[in-house]
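Everything on this sheet refers to the single structure shown next.
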Amino acid sequence: MSQSSSALERVRRICLALPETNERPSHGAPTFFIRDKRSFVTYMDDHHGDGRLVLWCASSSDVQQMLATSRPEQFCVPPYVAHLGWVGVRLDRDLSWDEIAGVIADAHRVVLEKTPRPRETTRGTKATARRST
């Protein structure tokens, strides 16, 4: 098994163990979502030929800047989602899987806090949100 496929399997196990999480491709990359709505981790392997094996993880701008500036060999500012505060986690560098799992758990928490819970009706079934026109 290659480093890339082995890393994806580990990331997949970590992400799918978190509550209300699913995986589906987004923009051609394995991506992990909460309630199939909001992504919190994207797995990138050689994105546009950059030679990196990296996770793009939801974060805050403060954490993104702190990690990317204090540990640039292990963390980076990813394209496209940098303005949202996401941080890149280099899987092709010397990082422990415990630390990677911690960043993934933090990403899940950040997005879960921003994701509205489905409303419950008095009978305990999910209500369908309606938009006024």
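The values are calculated or read from the model by the stated rules, or taken from the named source; none is laboratory data. In this text, all values refer to a predicted model and were calculated from it rather than measured experimentally. Every residue, glycine among them, receives a Cβ derived from its backbone with ideal geometry; neighbour counts consider all protein chains shown.
Note on the range 40-61: residues that are of a type in the set (A, V, I, L, M), within 8 Å of residue 107 (Cβ to Cβ) and out of contact with any Leu (no Cβ under 6 Å at 6 or more places or on another chain) amount to 1. What about residue 128, is it modelled with pLDDT under 95, over 17 Å from the mean Cα position of the chain (by Cα) and of a type in the set (Ser, Thr, Tyr)? In short, yes. Scanning the range 1-59 for residues that are in contact with a strand residue (DSSP E or B) (Cβ under 8 Å, 6 or more places away or on another chain) and among the polar types (S, T, N, Q) yields 3, 4, 21, 22, 26, 31, 39, 42, 59. Beta carbons closer than 7 Å, at least 6 apart along the sequence or on distinct chains, pair a first residue in the range 14-25 that is loosely packed, with under 13 Cβ neighbours inside 10 Å with a second that is modelled with pLDDT of 95 or more and among the hydrophobic types (A, V, I, L, M, F, W, C) for 24/33. Taking the numbered list (1) surrounded by 16 or more Cβ atoms within 10 Å (Cβ to Cβ); (2) more than 21 Å from residue 113 (Cβ to Cβ); (3) of a type outside the set (Gly, Ala, Ser); (4) under 15 Å from the mean Cα position of the chain (by Cα) in turn, residue 33 passes all entries but (2). Consider the range 43-74 and keep the residues that are among the small types (Gly, Ala, Ser) and in contact (Cβ under 8 Å) with a residue 24 or more places away in the chain. The one that is surrounded by the most Cβ atoms within 10 Å (Cβ to Cβ) is 58.
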